[in-house]
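Worksheet for the structure shown next.
What follows draws every value from the coordinates through simple rules; no lab data is involved. Here the structure is a predicted model, which means the values were calculated and not measured. Glycine also receives a Cβ, built like all others from the backbone with ideal geometry; neighbour counts cover every protein chain displayed.
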Amino acid sequence: MTAEAAAQPAAPAGPAVGAVAPDFDLPDQHGSRHRLGELRGKRVLLVFYPFAFTGTCTGEMAALSANVDRMRTETTEVFAISCDTVPSLRIFDDRYDIGIPLLSDFWPHGAVASAFGAFDPVMGAAVRASYVVDADGRIAWTVRSGLREARDIEASIAALHGA
């Protein structure tokens, strides 16, 4: 275990594979609302990340952007979720042209990340966790990585498409 990992409290594990995913209704960077429960029939990749404009997070969002055509289809959707404000996410998207909905879990602060066991109250932000929700609204796959460890985009794409 690294010193960084030892210094940070572990977030609760969140819903296990097979569990019903917590529903949410969050605004994106443009103020449009997105409700997970309205996406039944689709597989959904949820990418929780700590902060817009930080090195690892910006790199991960660039990887999502570069692969958006491989991820989003008629039967799949992708959302990135942080505790940043809507205006911050709008500027982040404008600067990096991410091309997927960036959902704001700002208020109540971190409520959705908490429901997924992906909120660090000491840091006041989401941890780096991803979930695939299947067409029936159940967790099909999950992965976590350390604060400065980017997730494997290929693994996320394979999980999203049920590979």
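Can you tell me what share of the DSSP beta bridges in the stretch 34-107 is antiparallel? A percent to the nearest 5 is fine.
Details: 1 of 10 bridges.
Of all bridge pairs located within the stretch 34-107, approximately 10 percent are antiparallel.
Rounded to the nearest 20 debye, the dipole size of the stretch 55-102 about its Cα centre is 60 debye, using +1 on the Cβ of Lys and Arg and -1 on the Cβ of Asp and Glu. Exposure proxy shown here: for Arg138, Arg90, Arg43, the number of other Cβ atoms within 10 Å sets the order, fewest to most, as Arg138, Arg90, Arg43. Near Gly41, once Lys and Arg are set to +1 and Asp and Glu to -1 for all other residues with Cβ below 14 Å from its Cβ, the sum equals 0.
FRET efficiency for the pair Ala135 and Arg33, taken as 1/(1 + (r/R0)^6) with r the Cβ-Cβ distance and R0 = 25 Å, rounds to 0.75.
Fewest neighbouring Cβ atoms within 10 Å first, the residues Tyr96, Tyr131, Tyr49 line up as Tyr96, Tyr131, Tyr49. Looking at the stretch 48-160 alone, DSSP beta bridges between its own residues are antiparallel in about 70 percent of cases. The calculated pair-distance distribution of the stretch 48-160 uses every alpha carbon pair, bins of 10 angstrom beginning at 0, and gives 14, 49, 34, 3 percent.
Multiplying the sequence separation of Ser65 and Asp94 by 0.36 nm and subtracting their Cα-Cα distance, what value in nm do you get?
Numbers: separation 29, 0.36 × 29 = 10.44 nm, distance 1.25 nm.
Computed gain between Ser65 and Asp94 is 9.2 nm.
What FRET efficiency do you get for Ala19 and Glu154 if R0 is 25 Å and r is their Cβ-Cβ distance, rounded to the nearest 0.05? Efficiency, from the Cβ-Cβ distance: 0.50. Ranking of Met71, Met61 by neighbouring Cβ atoms within 10 Å, starting from the fewest: Met71, Met61.
About the centre of its Cα atoms, the stretch 48-160 shows a dipole size close to 240 debye [charges on the beta carbon of Lys, Arg (+1) and Asp, Glu (-1) only; nearest 20 debye].
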